[in-house]
Amino acid sequence: MISQRQQLAYLARVAEQAERYDDMLEYMDQIALLPHNKSDPTLADECLASEERKLFSNAYKTVTGNLRKAWRMISSLEERGMDRSAMHSSHLPGKTTANLRLTGVMKLTIKTELEGYCNRVLKHVECRFLPRSKAPDAKVFYHKMTGDYHRYLAEISSSDARQMHIDKSLEGYKSAWRIADSELLSTDPTRLGLALNFSVFYFEQLNSPNRACHLAKYAFDSAIENLDNIPEDDAPDSIRILQLLKDNLTLWIENEHSGYQLESVPENEQVQFQDEKMIGERNGSF
């Protein structure tokens, strides 16, 4: 007899195929809240099985990704509207002000929705998943999610709130990287996805292209050295993320404003790495 958990996972997969991501997200939330069943061989000591982790991540990543895209679009329109208002302040100032006000209301609505989803993810991860995780790949996966969703919150926050989310994002990424670099294969897609997003965080939130390039290059070179030994099941995801790492490196190094040089980061700062091309997001991330 099919269990409730299996039914929900099946419905989540169907919803994903039908591109009903809000439904997919709700099914995965229900799975996340199910009592832990230690007798389930697919779970071991984890809250979510490996496939369930991917479904959970894909659901939230797609829903929040659409909201982040909308936020950036509205922000761009808002900035252009403010520029036009300054340039043509004598022409229909009331209409321009009204349009900006409407844009601001829509932007606030998007922000509120995005904050709600991000906080839901973080509550699941920090209160349920991470405390019960024992496998290295699961720990890396969840610490990475902590870094990712605090990064998303930092993107839409300002002042003290932004700095708080940046600090928590950095903490999550560092915790994930310490485990990934010591316990996961260099070709592991979870490790590579972490390196991709962590380097984007360095580049965008910390304005540190040198650290971004060093981390991306370290992860890329380490994986390339062992590419012949990559497990067959990991190959498609790993190769795709390697291409994104390469694209980002090319973009960042060619950026005349980055000033990136391999020898420019002191050796003592490079040690920390060893303890998202513009596709989808502004910089490729996974």
Q: Please verify whether the stretch 223-232 includes one or more residues that are at pLDDT 85 or above, among the β-branched types (Val, Ile, Thr) and not in a loop (DSSP other than H, G, I, E, B).
A: yes
(Q) Tell me whether the stretch 157-165 contains one or more residues that are closer than 26 Å to Ile31 by Cα, modelled with pLDDT of 95 or more and either basic (Lys, Arg) or not in a loop (DSSP other than H, G, I, E, B) (or both). (A) no
Q.
Need pairs with beta-carbon distance below 8 Å; first residue of a type in the set (Ser, Thr, Tyr) and within the stretch 213-229, second in a helix (DSSP H, G or I) and at pLDDT 95 or above; sequence gap 6+ or separate chains.
A. Tyr218/Ala195
Q) Being crowded, with 23+ Cβ neighbours inside 10 Å and either within 15 Å of the chain's Cα centre (by Cα) or of a type outside the set (Ser, Thr, Tyr) (or both), is that true of even one residue in the stretch 229-241? A) yes
(Q) Need the failing condition index for Leu48 against (1) at pLDDT below 80; (2) in a loop (DSSP other than H, G, I, E, B), just the number. (A) (1)
Q | Of residues in the stretch 198-222 being assigned to a helix (DSSP H, G or I) and among the polar types (S, T, N, Q), the one surrounded by the fewest Cβ atoms within 10 Å (Cβ to Cβ) | A | Ser222
Q) What is the number of the single condition among (1) under 29 Å from Pro236 (Cβ atoms); (2) more than 16 Å from the chain's Cα centre (by Cα); (3) surrounded by fewer than 18 Cβ atoms within 10 Å (Cβ to Cβ) that Thr187 does not meet? A) (3)
Q: Take the residues in the stretch 131-150 that are assigned to a helix (DSSP H, G or I) and modelled with pLDDT under 95, then tell me which one is surrounded by the most Cβ atoms within 10 Å (Cβ to Cβ).
A: Arg132
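The values are calculated or read from the model by the stated rules, or taken from the named source; none is laboratory data. This is a predicted model, so every value here is computed, not measured. Note that each Cβ is placed from the backbone with ideal geometry, even for glycine, and that neighbours are counted across all protein chains shown.
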